Amino acid sequence: MISKRSLAVPLLLGATVLFGSGCVASLWVPVGPPDALVEVQSGIPGPGYVWIEGYWEWHHRWVWQPGRWTAPPHASATWERGRWEHGARGWRWHRGHWR
């Protein structure tokens with residue numbers, strides 16, 4: 001007989017791999033986002049900081065997420081901005097990420 005405890009470890013490891021890797025359910029939005037807002041960048045907080053552009057996010061309506069300054073995870077990192085992509089099922093968000 002297999003104990004509940006012996007099943008818990010593989011299930012926990014599987015969930016960690018699945019969700020720790022950034023795997024999330026896709027959200028399809030029926031209408032495209034509005035045009036991006038023009039943002040005024042505040043003063044850079046320090047050397048090496050990178051401006052991350054603002055973007056539209058869907059919360060049963062379009063909500064603007066303002067841009068921000070952030071420090072890269074390492075010196076050679078570059079930011080790839082997020083984007084909305086149109087497909088047969090509607091609009092889908094691809095998160096921005098560091099390379």
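The values are calculated or read from the model by the stated rules, or taken from the named source; none is laboratory data. Note that the structure is predicted; figures quoted are calculated from it, not measured. Using ideal geometry, Cβ is built from the backbone for each residue, glycine included, and neighbour counts are taken over all protein chains shown.
Is at least one residue of the range 58-68 at pLDDT below 95 and over 25 Å from SER26 (Cβ atoms)? For the range 58-68, residues at pLDDT below 95 and over 25 Å from SER26 (Cβ atoms): absent.
Which residue is farthest from VAL31 (Cα to Cα), if the candidates are limited to the range 78-89 and must be of a type outside the set (S, T, N, Q) and exposed (fewer than 14 other Cβ atoms within 10 Å of the Cβ)?
Applying the first criterion (of a type outside the set (S, T, N, Q)) to the range 78-89 yields 79-89.
In the following step, the residues that additionally are exposed (fewer than 14 other Cβ atoms within 10 Å of the Cβ) were identified as 80-81, 83, 85-89.
Numbers: GLU80: 24, ARG81: 21, ARG83: 14, GLU85: 11, HIS86: 9, GLY87: 11, ALA88: 12, ARG89: 10 Å.
Ranking the qualifying residues of the range 78-89, first place goes to GLU80.
ALA75 falls short on exactly one of the conditions (1) surrounded by 10 or more Cβ atoms within 10 Å (Cβ to Cβ); (2) farther than 28 Å from TRP91 by Cβ, and that condition is (1). Apart from one condition, VAL31 fits all of (1) under 27 Å from THR78 (Cβ atoms); (2) at pLDDT 75 or above; the exception is (1). When you look at VAL17, is it modelled with pLDDT under 95 and over 17 Å from the mean Cα position of the chain (by Cα), yes or no? Yes, satisfied. Considering (1) touching a strand residue (DSSP E or B) at 6+ places or on another chain (Cβ under 7 Å); (2) part of a strand (DSSP E or B), the lone condition that HIS86 does not fulfil carries the number (1).
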